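The values are calculated or read from the model by the stated rules, or taken from the named source; none is laboratory data. Since we're looking at a predicted model, the values are computed, not measured. We place every Cβ from the backbone using ideal geometry, glycine too, and count neighbours over all the protein chains shown.
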Amino acid sequence: AQSVTQLGSHVSVSEGALVLLRCNYSSSVPPYLFWYVQYPNQGLQLLLKYTSAATLVKGINGFEAEFKKSETSFHLTKPSAHMSDAAEYFCAVSDDGNKLVFGAGTILRVKS
Amino acid sequence: DAGVIQSPRHEVTEMGQEVTLRCKPISGHNSLFWYRQTMMRGLELLIYFNNNVPIDDSGMPEDRFSAKMPNASFSTLKIQPSEPRDSAVYFCASSPRRGQAGELFFGEGSRLTVL
């Protein structure tokens with residue numbers, strides 16, 4: 001069965017600092033991996049996805065994630081946090097691209 | 001282009017009442033998903049349709065829940081009778097055809113409170 005573990009339910013960074021949100025997955029087959037972002041009172045939006053084409057995936061708003069098979073990880077990073085990045089971030093895994101299993105989410109706080 | 005449209009945005013009802021949530025997917029998308037989000041359980045997939053046909057409803061919690069997709073532009077999620085533990089935000093999402101696997105476009109959700 002697929003599963004996702006997001007380490008840290010809350011992460012706080014200063015504006016301009018590196019953002020690192022951690023995600024580890026479990027899947028019996030080569031997975032599809034995703035990061036979604038949710039702003040307050042809104043639905044989720046796709047940030048980026050990994051589908052085996054390249055291990056380093058670039059997404060919107062300056063975010064990127066690296067697929068590391070040996071570590072079963074797909075951590076999300078951004079070199080410099082902006083106030084507008086404050087939101088909840090969800091990592092998700094799928095073995096067929098249809099049924100996505102989401103992690104519990106990480107709330108990112110950006111301090112000025 | 002309009003996104004996924006859900007209604008109502010907020011619903012407050014009493015235990016035992018029937019609740020119907022509605023969703024209009026993005027035109028041209030052929031997959032539709034219903035998710036439920038709660039603090040305790042996070043995001044759970046309830047059911048998904050492909051070309052209006054239910055493919056996997058294993059996430060539907062019990063017989064009180066039912067979902068239909070009578071055509072490509074409309075879906076409903078019904079709870080009858082509703083219970084306080086059904087209180088959650090219900091999201092509808094649609095996805096384009098194959099080749100864009102996992103690219104879900106979410107609506108803004110329907111926040112359900114069952115008293």
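Can you name the residue in the range B:24-57 that is in contact with a Lys or Arg (Cβ under 9 Å, 6 or more places away or on another chain) and small (Gly, Ala, Ser) and, of all such residues, is farthest from the other protein chains (Cβ to nearest Cβ)?
Here the residue is B:28.
Residues that are among the aromatic types (Phe, Trp, Tyr) and farther than 23 Å from residue A:60 by Cβ: find the strands (runs of 3 or more DSSP E) completely inside the range B:16-115 holding 1 or more of those. Walk me through it before giving the result.
Numbers: elements: B:19-24, B:31-38, B:42-50, B:53-56, B:65-71, B:74-79, B:88-95, B:110-114.
Counting at least 1 such residues, we get B:31-38, B:42-50, B:65-71, B:74-79, B:88-95.
If you scan the range A:96-112, which residues turn out to be surrounded by fewer than 19 Cβ atoms within 10 Å (Cβ to Cβ) and part of a strand (DSSP E or B)?
A:107, A:109, A:111
I want to confirm something. Restricting to the range B:84-115 and keeping residues that are among the charged types (D, E, K, R) and exposed (fewer than 14 other Cβ atoms within 10 Å of the Cβ), which single residue is farthest from residue B:5 (Cα to Cα)?
Taking the range B:84-115 and keeping what is among the charged types (D, E, K, R), we get B:85-86, B:97-98, B:103, B:108, B:111.
Add one more test, that the residue is exposed (fewer than 14 other Cβ atoms within 10 Å of the Cβ), and what stays is B:85, B:97-98.
Numbers: B:85: 25, B:97: 19, B:98: 22 Å.
Among those that are among the charged types (D, E, K, R) and exposed (fewer than 14 other Cβ atoms within 10 Å of the Cβ), it is B:85.
Given the condition surrounded by fewer than 16 Cβ atoms within 10 Å (Cβ to Cβ) and within 14 Å of chain B (Cβ to nearest Cβ), answer yes or no: does some residue in the range A:53-65 qualify?
Step one: list which residues in the range A:53-65 are surrounded by fewer than 16 Cβ atoms within 10 Å (Cβ to Cβ), which gives A:53-56, A:58, A:60-62.
From what is left, the residues that are within 14 Å of chain B (Cβ to nearest Cβ) are A:53, A:60.
Checked the range A:53-65: at least one residue is surrounded by fewer than 16 Cβ atoms within 10 Å (Cβ to Cβ) and within 14 Å of chain B (Cβ to nearest Cβ).
Could you give every pair whose Cβ atoms fall below 7 Å, whose first residue belongs to the range A:84-105 and is more than 7 Å from chain B (Cβ to nearest Cβ) and over 12 Å from residue B:43 (Cβ atoms), and whose second residue is surrounded by fewer than 18 Cβ atoms within 10 Å (Cβ to Cβ) and of a type in the set (Lys, Arg), counting only separations of at least 6 or pairs across chains?
A:86/A:109
So, in the range A:37-95, of the ones that are among the small types (Gly, Ala, Ser) and part of a strand (DSSP E or B), which residue ends up nearest to residue A:20 (Cα to Cα)? Steps first, please.
Residues of the range A:37-95 among the small types (Gly, Ala, Ser): A:43, A:52-54, A:59, A:62, A:65, A:70, A:73, A:80-81, A:84, A:86-87, A:92, A:94.
Adding the requirement that they be part of a strand (DSSP E or B) leaves A:65, A:73, A:87, A:92, A:94.
Values: A:65: 9, A:73: 12, A:87: 14, A:92: 16, A:94: 22 Å.
Per the criteria, the residue is A:65.
Pairs under 6 Å by beta carbon, first residue closer than 15 Å to residue B:89 by Cβ in the range B:40-64, partner not in a loop (DSSP other than H, G, I, E, B), six or more apart or different chains?
Within 6 Å, the pairs are B:43/A:102; B:43/B:35; B:43/B:37; B:44/B:36; B:45/B:35; B:46/B:34; B:46/B:36.
Inspect all residues belonging to the range B:62-72 and state whether any of them is modelled with pLDDT under 95, over 30 Å from residue A:53 (Cα atoms) and surrounded by 16 or more Cβ atoms within 10 Å (Cβ to Cβ).
Yes, some residue in the range B:62-72 is modelled with pLDDT under 95, over 30 Å from residue A:53 (Cα atoms) and surrounded by 16 or more Cβ atoms within 10 Å (Cβ to Cβ).
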